[in-house]
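Before we start, here is the structure in question, set down as structure tokens.
Where a number appears in this text, it was derived from the coordinates with a stated rule and is not lab data. Everything quoted here is computed from the prediction, not taken from an experiment. Here the Cβ positions follow ideal geometry from the backbone for every residue, glycine too, while neighbour counts run over all protein chains shown.
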Amino acid sequence: MKKLIPILCFVFILMTGAVAADTGIAANHRDAIHKAMEKHIESVTELNGNGKFPVYDPESRSILQLDFDKLHDSVEIKGRKFPYFVTCADFMDSASGAKYDLDFLVSENYGVVATLIHSKNGKHTDYNIH
């Protein structure tokens, strides 16, 4: 029994590491990134003055006024020379009923530096971020 407890602890640590490796981002970074996104969305929505989140749509060449729905759990690291995080959130366009998945580019200091349309109604856009 005395040998079993350290073995179980070791297995638990390995499993925890595998989960963290699978997501690619440590939980504390993911939480900080999501908090930065939430703060950014709230701030921009408040500054907009109409309760909507504005984002430029290059397809229609217009500013969309979207309603925030939810954050996605996943976070990825992109960029080699200047790394940044990419994570997503769902929004709705109440005027058209369209569902938008927006990508948020977040700096290493947890500041949102850009918002891009990832998809509209499940159809992906290609903005070539590498």
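Which entries in Lys78/Lys123; Lys78/Lys99; Lys81/Lys120 show an alpha-carbon gap greater than 27 Å? Let's see the in-between values first.
Working: Lys78/Lys123 22 Å; Lys78/Lys99 25 Å; Lys81/Lys120 30 Å.
Those over the limit are Lys81/Lys120.
Just the Cα atoms of the range 46-101, one point each, no solvent: what log10 I(q)/I(0) does Debye give at q = 0.12 Å⁻¹?
After summing over all Cα pairs, the log10 values are -0.37.
While we're looking at this one, here's another question. Efficiency by 1/(1 + (r/R0)^6): what FRET value for Leu47 and Ser96, r their Cβ-Cβ distance, R0 = 25 Å, to the nearest 0.05? Intermediate results must be reported in sequence, preceding the final value.
On the way: r = 23 Å, r/R0 = 0.93.
That pair, Leu47 with Ser96, gives E of 0.60.
Run the simple label-point estimate for Val113 and Ile63 please: 7 Å along Cα→C-beta, distance reported in nm.
A separation of 2.4 nm, rounded to one decimal place.
Using the Kirkwood radius built from alpha carbon pairs, what does the Stokes-Einstein equation give as D for the range 26-124 at 4 °C and 1.567 mPa s, in µm² per second?
Details: Rh = 13.8 Å.
Stokes-Einstein gives a translational diffusion coefficient of 94 µm²/s.
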